[in-house]
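Worksheet: the structure to be examined is printed underneath.
The values are calculated or read from the model by the stated rules, or taken from the named source; none is laboratory data. Note that the structure is a prediction, hence the values are computed from the model and not measured. Cβ atoms come from the backbone with ideal geometry, glycine included; neighbour counts cover every protein chain shown.
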């Protein structure tokens with residue numbers, strides 16, 4: 001018998017001063033049994049970092065032909081493709097040919113190695129932005145993960161402040177390719 005997904009109720013108060021985005025975000029997100037808590041937290045951070053109207057979660061890890069988040073146009077075409085993790089450069093470059101815009105929140109324990117192997121291939125893709133945040137920050141969020149998530153996120157001058165359970169955590173948003 002297959003294990004069921006774990007469902008999380010998410011509420012994010014977003015103040016992205018850098019982009020002039022001020023929203024109250026609500027979502028219900030399923031975590032597949034094979035998905036790590038780190039990946040789930042990273043998907044939620046990408047939801048806030050790249051937020052725009054109609055950005056939604058996809059089927060996730062179980063759908064290999066879809067990104068983690070996207071905005072689809074009325075014609076069914078992908079307007080905005082958002083990935084998290086450390087995907088192959090070819091996957092991101094292919095996505096950039098089919099979507100109007102592509103964003104990657106690069107994260108994982110092997111980020112430094114991934115940067116050396118893949119960033120050079122992505123540097124000339126015009127409709128791509130690649131950012132990363134510190135793995136220790138993600139780990140802190142994993143330690144505080146609950147089924148009901150209430151975050152307050154402020155992004156200003158390239159810094160991300162996240163308040164959770166009366167505590168404020170901080171990290172730098174490192175832009176590696178393009179601009180956020």
**Complete:** When the range 18-35 is checked residue by residue, the ones that are modelled with pLDDT of 95 or more and over 18 Å from the mean Cα position of the chain (by Cα) are 20
**Prompt:** Pick from 25, 3, 14: which is in contact with a helix residue (DSSP H, G or I) (Cβ under 8 Å, 6 or more places away or on another chain) and either outside any strand (DSSP E or B) or crowded, with 18+ Cβ neighbours inside 10 Å (or both)?
**Reply:** 14
**Prompt:** When you look at residue 133, is it touching a strand residue (DSSP E or B) at 6+ places or on another chain (Cβ under 8 Å), buried (at least 18 other Cβ atoms within 10 Å of the Cβ) and under 20 Å from residue 56 (Cβ atoms), yes or no?
**Reply:** no
**Asked** residue 46: assigned to a strand (DSSP E or B), in contact (Cβ under 8 Å) with a residue 24 or more places away in the chain and within 23 Å of residue 86 (Cα to Cα), yes or no?
**Response** no
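Conditions tested, residue by residue: (1) under 16 Å from residue 145 (Cα atoms); (2) touching a strand residue (DSSP E or B) at 6+ places or on another chain (Cβ under 7 Å); (3) free of Cβ contacts under 8 Å to residues at least 24 places away in the same chain.
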site	(1), (2), (3)
6	yes, yes, no
15	no, yes, no
20	no, no, yes
24	no, yes, yes
30	yes, yes, no
34	no, no, no
42	yes, yes, no
50	no, yes, no
**Message:** If I filter the range 51-94 down to residues being touching a helix residue (DSSP H, G or I) at 6+ places or on another chain (Cβ under 8 Å) and in a strand (DSSP E or B), which single residue comes out as farthest from residue 36 (Cα to Cα)?
**Reply:** 78
**Request:** Write out, first by first residue and then by second, each pair whose Cβ atoms fall under 8 Å of each other, whose residues are 6+ apart or on separate chains, and whose first residue, in the range 55-68, is within 17 Å of residue 4 (Cα to Cα) while the second is at pLDDT 75 or above and exposed (fewer than 13 other Cβ atoms within 10 Å of the Cβ).
**Result:** 61/34
**Message:** Out of everything in the range 67-104 that is out of contact with any strand residue (DSSP E or B) (no Cβ under 7 Å at 6 or more places or on another chain) and under 14 Å from residue 127 (Cβ atoms), what residue ends up being surrounded by the most Cβ atoms within 10 Å (Cβ to Cβ)?
**Reply:** 93
**Message:** Please pick out the residue among 162, 128, 141 that is buried (at least 19 other Cβ atoms within 10 Å of the Cβ), under 18 Å from residue 55 (Cβ atoms) and under 15 Å from the mean Cα position of the chain (by Cα).
**Reply:** 128
**Any strands (runs of 3 or more DSSP E) falling wholly within the range 100-180 and containing at least 3 residues that are in contact (Cβ under 8 Å) with a residue 24 or more places away in the chain** = 101-106, 128-132, 148-156, 167-172, 174-177
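From the list 147, 77, which residue is over 15 Å from residue 176 (Cβ atoms) and at pLDDT 95 or above?
147
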